[in-house]
Amino acid sequence: MQSLDPPQQSRLRSLFMTALRAQDLAGVEERARRLVLGRLDELAGGGVFDVVSEVAVPLSVAVVADQLGVEPPPYAEFAAVSDAIMRSMDGGLDPSLVEPGRVARQQLSDLVDSWFTASARAGLLVQVRQASEHGVDPGAGLLVKNTARVMFQGGYSTLAAAVGNAVAVLLARPEALPRMRDRALLESGVDELVRFDGPVQGTTRTVVRACQVGGVDVAAGQKVVPLFAAANRDPAAFCGADRLVLDRRPNRHLGYGWGPHSCIGTIVAQAGLRALVAALNDHPAHLAGAGDGVRRRTATMRAFDTLPALLHA
C-alpha cells in the first residue's frame, strides 16, 4: 500500500479499511485502558520509572496485536526490531543505519509470515486474509502480507512515539489531563496532542507533475520532503498554533499524514491514546515528571528514548 498509487492502490486500501472498520474498536480501546491501569498499578509507589519502556512499548504492541488478532510478540524484543526499522528511515543521512534496518525488516516479515500460516484469533488479519483468498483481490497475497507488516510496524512505532510525546506534554501542562475526563474533550484533546507534538516529522514524496511550491518550480520526478510538524504549527492553518487547545475543531493536522498514503493505523493509534489518557485519569495515583526525558536522535520520527516519571498518591 505504501508503494502503490491510485487507482492500483485503491482495492488494497479498501480491503484493509473495510476490515479495520469491522473490528470491535471500542473493545480494543477498553482492553488497552485496562492494560495501562494494570501497568500503573505495578508502577505506583515504586519510584521513578521510564514511561517509554514501561507504558508506551507494552501499550503500543498490545493495541496493534489486538487489532490484527495476533499474539503480541515479546515487548522488548519487538521494540528493538522496530527501533532498527525506524532509525533506517534516516538512512539518507546516515548510511550505516540501512543494513540493520534491512535485517530488522526481514525479522518482521518472518513474524508476519508466521501469522499468515498459523490460525490467528478473530481480528483484522483473518478478515483480510479470507477476503484476499476468496477473490476480493486474487493474487495479492504478497501485497497483503507486506501491508500487514507495514501496518504492524507503522502502527506500533507511531503509537509508541505518540504516547511518549503526549505524556511529556501532559506532564508539562498538568491542568490538561483532568479536563479530558469529559469524553467529548477526550476525543478532540487526543487529536490536539498529536497536532501539538506529533510522532512523524515528515516524509518523502515524488512529484507526479510539474508545479510550484512556495514560489519554487518543482519538476515531475523530483522528490520533496513535506514537514508535517511545521505544517501542524502553521499559524495560517491553526489559530494559536503554538498553544495546546484541547477543544480545537476543526483540526486538520498532518500528524498521521494525509491522502491515500496517510497512516492506515490512525484509528487504532487514536484509540490507544484515548485509552492512555482515560487510564491516567481513572488511576488513583498522580503522574508526575521525574527529570528531563531524552529524545531519540532521529529526523523522520520524533520520539523519546527515555522519559522518567513517578506515580504518587
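Listing for the model above:
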item	result
Alpha-carbon centroid distance for the pair segment 204-249 / segment 186-203, whole angstrom	15 Å
Full-stretch length increase - Val213, Ala26 - with 0.36 nm per residue and alpha-carbon distance subtracted	63.2 nm
Neighbour-count order for Tyr156, Tyr75, fewest beta carbons within 10 angstrom listed first	Tyr75, Tyr156
Neighbour-count order for Thr204, Thr158, fewest beta carbons within 10 angstrom listed first	Thr204, Thr158
Qualifying GluC sites (Glu not before Pro) in segment 171-259, DSSP loop, other Cβ atoms within 10 Å at most 14	Glu175
Ranked list, fewest to most other Cβ atoms within 10 Å of each Cβ, for Glu54, Glu99	Glu99, Glu54
Spacing of the two label points (7 Å from each Cα toward its C-beta) at Ser96 and Ala285, in nm	3.8 nm
Dimensionless Rg ratio for segment 207-313, taking C-alpha atoms and the 2.2 N^0.38 Å reference	1.43
Anisotropy class of segment 1-98 from Cα gyration tensor, a/c 1.5 cut	oblate
Spherically averaged projected area in nm², based on the convex hull that wraps the Cα atoms of the chain	16.8 nm²
Under the span-like rule (Cα at least 18 Å along the axis, Kyte-Doolittle mean at least 0.0), DSSP H helices of the chain	75-88, 141-172, 183-196, 266-282
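Bear in mind these aren't lab numbers, they're just calculated from the coordinates by the rules spelled out. Values in this document were obtained by computation on a predicted structure and should not be read as measured data. Positions of Cβ are generated from backbone atoms using ideal geometry, with glycine treated the same way; all protein chains shown enter the neighbour counts.
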